[in-house]
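Engineer: Next up is a structure, given as structure tokens.
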Amino acid sequence: MAKDISAFTNYMQALTAANGRNQTATGLMVSLGLSYTNTEAVRNHSITATLNKTSVAGALVALGVPSDTPINTPGISSTLISIFSNPNVATLLFLVGVFAVLVDVFHPTIVLSVVGVSVIALALFGLGIFGASPLAISLMIIGAAFIFLEVKTQHGISALIGVIIFIVGFLFVFQFPPASASSTSLPPANFSGIPDITYALLVALGTTIVIGSLYLRRIRSGLMAKPKSTIRLGQWARQAK
């Protein structure tokens, strides 16, 4: 990871120097993640000036580019891939799919299972594009398996363990990129770069899964405890007499 950051820093500094800008300031934007306001960027000579335009076409015209120059914009497929490859969206889809299949186990409709499996497939597709490691995806699948095991155990512990394993796997999505051909080792654990909204999302979804599993168990227990309303033919005949 350090080599990647160093390489991109050097690349940014080379581009900046070639255009006569402040390569030290722009290098820090990569290596330390610094951000500058428009005023600060002009002051430290990272940029020459700002353009008061609200569109790409307007900015290009202000820079002297012909107005008939074609501008490539993302298509529908590119937009969808961008959405599904968001790890937060992929995780949400994964858990929604797991819960849909879990609900279908208690109330068989087949439709929920098909929808759930399809949503899980989309989530795995998005995580693959994002670059999630096999370790992260394996832990998420194992966590989902423990959640399904709750149908058998029916005490809430399996669902809780499954959510914990799932959360650990999801955190590794951010931490462990796939190993390159030149390096098969994983970088040391450091989860400081994960946004707070991701942690909040995981806690909310994990709590929902556990509570939902307990609720479904309660419904199933109530249905199984409900007495059957059938009367044998012989007993009915004796009562008729």
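Nothing in this text is a laboratory measurement; each read-out follows from the coordinates by a stated rule. These numbers were taken from a predicted model, which means no experiment stands behind them. Ideal geometry is used to build each Cβ from the backbone, glycine not excepted, and the neighbour counts take in all protein chains shown.
Engineer: Provide Rg over Rh for segment 2-50; use the alpha carbon set for both Rg and the Kirkwood Rh (inverse mean inverse pair distance).
Structural biologist: Ratio value, two decimals: 0.98.
Engineer: Let me ask something additional. For a quick size check, give me the Cα extents of segment 33-174 along its three principal axes, largest first, whole Å.
Structural biologist: So the three principal-axis extents are 68, 34, 23 Å.
Engineer: Starting with the fewest neighbours, write out Met12, Met1 ranked by other beta-carbon atoms found within 10 Å of each beta-carbon. Provide the component values of the computation, followed by the final result.
Structural biologist: Details: Met12 17, Met1 12.
Final ranking by Cβ density, sparse to dense: Met1, Met12.
Engineer: So what does the Cα-only Debye profile of segment 1-116 read at q = 0.10, 0.21 Å⁻¹, as log10 I(q)/I(0), no solvent term?
Structural biologist: At q = 0.10, 0.21 Å⁻¹ the computed log10 ratios are -0.61, -1.16.
Engineer: So for Tyr36, Tyr11, fewest C-beta neighbours within 10 Å to most, what's the order? Write down the numbers at each step before the final one.
Structural biologist: On the way: Tyr36 16, Tyr11 12.
Least to most surrounded, the residues fall as Tyr11, Tyr36.
Engineer: Taking 7 Å along the Cα-to-C-beta vector as the label spot, tell me the Val65-Phe125 distance in nanometres, rounded to one decimal.
Structural biologist: So the two model labels end up 3.1 nm from each other.
Engineer: Residue separation times 0.36 nm, minus the C-alpha to C-alpha distance between Ser31 and His107: what's the value?
Structural biologist: Details: separation 76, 0.36 × 76 = 27.36 nm, distance 5.26 nm.
Stretched fully, the Ser31-His107 segment lengthens by 22.1 nm.
Engineer: Figure the gain on full extension for Leu51 and Ala17 (residue separation times 0.36 nm, minus the Cα-Cα span) and round it to one decimal in nm.
Structural biologist: Values: separation 34, 0.36 × 34 = 12.24 nm, distance 2.17 nm.
Full extension from Leu51 to Ala17 adds 10.1 nm.
Engineer: Rounded to the nearest 0.05, what FRET efficiency do Thr39 and Asn72 give with R0 = 35 Å and r taken as the Cβ-Cβ distance? Could you check? Walk me through the numbers before you get to the answer.
Structural biologist: Details: r = 31 Å, r/R0 = 0.89.
Here the calculated transfer efficiency is 0.65.
Engineer: Follow-up question, since we're still on this one. Report the label-to-label distance for Val117 and Ile211 in nanometres (one decimal), using points 7 Å from each Cα along the Cα→Cβ vector.
Structural biologist: Placing both labels 7 Å along Cα→Cβ, they lie 3.1 nm apart.
Engineer: When the expected Rg is taken as 2.2 N^0.38 Å, what fraction or multiple of it is the alpha-carbon Rg of segment 36-84?
Structural biologist: Working: Rg = 15.2 Å, N = 49, 2.2 N^0.38 = 9.7 Å.
Cα Rg divided by the expected 2.2 N^0.38 Å: 1.57.
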